[in-house]
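A short worksheet on the structure shown next.
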Amino acid sequence: MADFEIGDIVKAKKFGPLEHDFSGVIEKVYTNSVMISIQDFDPSDKSGVNELNGRAVVRQKDAKMIKAVPREEKNDEETDEEKSSKKKTKKSSKSDDK
């Protein structure tokens with residue numbers, strides 16, 4: 001399964017009212033699916049795209065990456081520091097409640 005992010009351009013398989021494959025930009029990423037703003041589609045599918053309000057939710061397995069947005073590298077050390085600072089904030093707020 002590819003690691004999708006908002007802004008990626010993907011191609012998806014036809015489904016429901018659409019008779020042809022389509023492509024678009026990812027607007028939202030869910031656990032196993034993505035919401036795509038349909039940008040490029042076959043003209044015969046215009047009424048189907050209108051019926052879907054220009055958006056489609058498809059399984060990540062059915063979406064193929066065309067162009068990825070630049071990714072920021074996640075540093076494990078920063079993640080650990082963020083976790084420890086969050087724990088400290090929670091502890092201090094609990095002591096303030098007493």
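Net charge of the neighbourhood of G48, taken over other residues with C-beta under 11 Å away and scored Lys/Arg +1, Asp/Glu -1, is -2.
For V69, the residues 5 or more places off, or on other chains, whose built amide H falls under 5 Å of its own are D8, I9.
The string of couplings for the stretch 8-19 from the Karplus curve (6.51, -1.76, 1.60, θ = phi - 60°) is 5, 9, 10, 10, 10, 6, 5, 6, x, x, 8, 9 Hz, one whole number per residue in order, with x for Gly and Pro. Each Lys or Arg adds one and each Asp or Glu subtracts one; over the other residues with Cβ under 10 Å from the Cβ of A12, this totals +3. Taking amide H as placed 1.01 Å from N in the peptide plane, V57 has its amide H under 5 Å from the amide H of I36, each at least 5 places away in sequence or on another chain. What does the charge add up to near P70, with Lys and Arg as +1, Asp and Glu as -1, over the other residues with Cβ less than 12 Å from its Cβ? Net charge in that neighbourhood comes out at -2.
Coupling constants for the stretch 38-49 follow from the phi torsions by the Karplus curve (6.51 cos²θ - 1.76 cosθ + 1.60, θ = phi - 60°), and in residue order they are 6, 10, 10, 8, 5, x, 5, 8, 4, 5, x, 5 Hz; glycine and proline get x. Summing Cβ point charges (Lys, Arg +1; Asp, Glu -1) relative to the Cα centre of the stretch 1-71 gives a dipole of roughly 200 debye.
Ordering S47, L18, V34 by the projection of their Cα atoms onto the charge dipole of the stretch 1-71, which places +1 on the Cβ of Lys and Arg and -1 on the Cβ of Asp and Glu, puts V34 at the extreme positive end.
Every number here is computed from the coordinates shown, using simple stated rules; none is lab data. Given the structure is predicted, the values throughout are model-derived calculations rather than measurements. With ideal geometry, Cβ positions are generated from the backbone for all residues, glycine too; neighbour counts draw on all protein chains shown.
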